[in-house]
Amino acid sequence: MPLIAISVCRKIEDYKQSILHVGGDVRLVDASMGVDEALAGVQGLLLTGGDDVAPSRYGESAHATVVEAEAGRDEFEIGLIAGARARSLPIFAICRGIQVLNVAGGGTLEQDIPSNVHGALPHSLPAPPHESYELAHEVWLDKDTLLTRLMRERLSDADSCEVNSRHHQAVKDLAAGLRVSATAPDGVIEAIEDPDVPFCLGVQWHPENFWRTGEFRPLFEGFLEAAQRVKK
């Protein structure tokens, strides 16, 4: 059973259940730990949602809407990414996670979509109070990507799917070595990946919210399959 390190966030339960329901085991990790301690013996890294990456991390001053994450979280998660890459661990990065993944590689972020993206779709719908999650918009998947391969059966030969959305920031300038694998119709980047490794995927929506109904189960299954190939 692959052991997956999951970065702690305020709404952790759906991330845990998404891993447990595809046959993984979970270690919760946070900034109170060292990177070596957090990654010791794990076979994969899952980066979760949360507040904003400090704009100083990518050389910008903060927009008025920025709410920076808990003290130490940026540094810790950037360290986790470096440690996971050095160990050739699969990385699955969700919402804030995709943003940290891009910044860790030298990329930048769109600090506020409503202010800066002309004609932007609603990307910041509030989470419903119960188990259903409202779909906000389509994402268009690029061909010949890990994301499309994983979602092929669910897409039924289409090149788009509907996603939920709770973010006001997104990837702007892409980090070296990464490629875009999905965009929203307004041009906002919704998924990125590293084509040079077996599994390094970031998505801007929240697939973990659908662990009960399985719409995005293939993403977690692919992540766990990659983790199973990592030597303990």
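Scanning region 61-98 for residues that are part of a loop (DSSP other than H, G, I, E, B) and either open to solvent by 60 Å² or more (accessible area, probe 1.4 Å) or more than 23 Å from Ile189 (Cβ to Cβ) (or both) yields Ser61, Ala62, Ala64, Val67, Glu70, Ala71, Gly72, Arg87, Ser88, Leu89.
Of the residues that sit in region 35-57 and are part of a loop (DSSP other than H, G, I, E, B) and free of Cβ contacts under 8 Å to residues at least 24 places away in the same chain, which one is least open to solvent (accessible area, probe 1.4 Å)?
Ala54
For Glu162, the conditions (1) at negative phi; (2) surrounded by fewer than 16 Cβ atoms within 10 Å (Cβ to Cβ); (3) assigned to a loop (DSSP other than H, G, I, E, B) are fulfilled apart from (3).
Screening region 7-28 for residues that are of a type in the set (Asp, Glu) and out of contact with any Asp or Glu (no Cβ under 7 Å at 6 or more places or on another chain) and picking the one that is most open to solvent (accessible area, probe 1.4 Å) gives Glu13. Among all positions in region 2-13, there is at least one residue which is of a type in the set (Ser, Thr, Tyr), part of a strand (DSSP E or B) and out of contact with any Cys (no Cβ under 8 Å at 6 or more places or on another chain).
Could you tell me which of the residues Glu225, Glu208 is closer than 23 Å to Lys16 by Cβ and surrounded by fewer than 18 Cβ atoms within 10 Å (Cβ to Cβ)?
Glu225
Condition test on Val66, is it aliphatic (A, V, I, L, M), in contact (Cβ under 8 Å) with a residue 40 or more places away in the chain, out of contact with any Phe, Trp or Tyr (no Cβ under 7 Å at 6 or more places or on another chain) and within 19 Å of Gln204 (Cβ to Cβ)? Against the criterion (aliphatic (A, V, I, L, M), in contact (Cβ under 8 Å) with a residue 40 or more places away in the chain, out of contact with any Phe, Trp or Tyr (no Cβ under 7 Å at 6 or more places or on another chain) and within 19 Å of Gln204 (Cβ to Cβ)), Val66 qualifies. Scan region 99-119 for residues that are crowded, with 20+ Cβ neighbours inside 10 Å and more than 19 Å from Ala176 (Cβ to Cβ) and the total you get is 2. Looking at Ala136, is it closer than 30 Å to Ala64 by Cβ and surrounded by 21 or more Cβ atoms within 10 Å (Cβ to Cβ)? It is false that Ala136 is closer than 30 Å to Ala64 by Cβ and surrounded by 21 or more Cβ atoms within 10 Å (Cβ to Cβ).
Taking the criterion of being closer than 24 Å to Val66 by Cβ and touching a Phe, Trp or Tyr at 6+ places or on another chain (Cβ under 7 Å), the residues of region 149-190 that qualify are Val163, Asn164, Ser165, Thr183, Glu190. In region 176-202, the qualifying residues are those that are acidic (Asp, Glu) and over 19 Å from Leu155 (Cβ atoms), and the one that is farthest from the chain's Cα centre (by Cα) is Asp186. All conditions in (1) modelled with pLDDT of 90 or more; (2) surrounded by 18 or more Cβ atoms within 10 Å (Cβ to Cβ); (3) in a loop (DSSP other than H, G, I, E, B) hold for Met151, with the sole exception of (3).
For region 14-34, give me the residue count where each residue is of a type in the set (A, V, I, L, M, F, W, C) and in a helix (DSSP H, G or I).
2
What about Ile19, is it closer than 28 Å to Asp196 by Cβ, within 13 Å of the chain's Cα centre (by Cα) and not hydroxyl-bearing (Ser, Thr, Tyr)? Criteria not met by Ile19.
The values are calculated or read from the model by the stated rules, or taken from the named source; none is laboratory data. Since the model is a prediction, treat every value here as computed from it, not as a measurement. Positions of Cβ are backbone-derived with ideal geometry, glycine not excepted, and every protein chain shown enters the neighbour counts. For the accessible areas, the whole protein counts, side chains as well, though only heavy atoms, and no ligand, DNA or RNA atoms are used. Shrake-Rupley method; radii C 1.70, N 1.55, O 1.52, S 1.80 Å.
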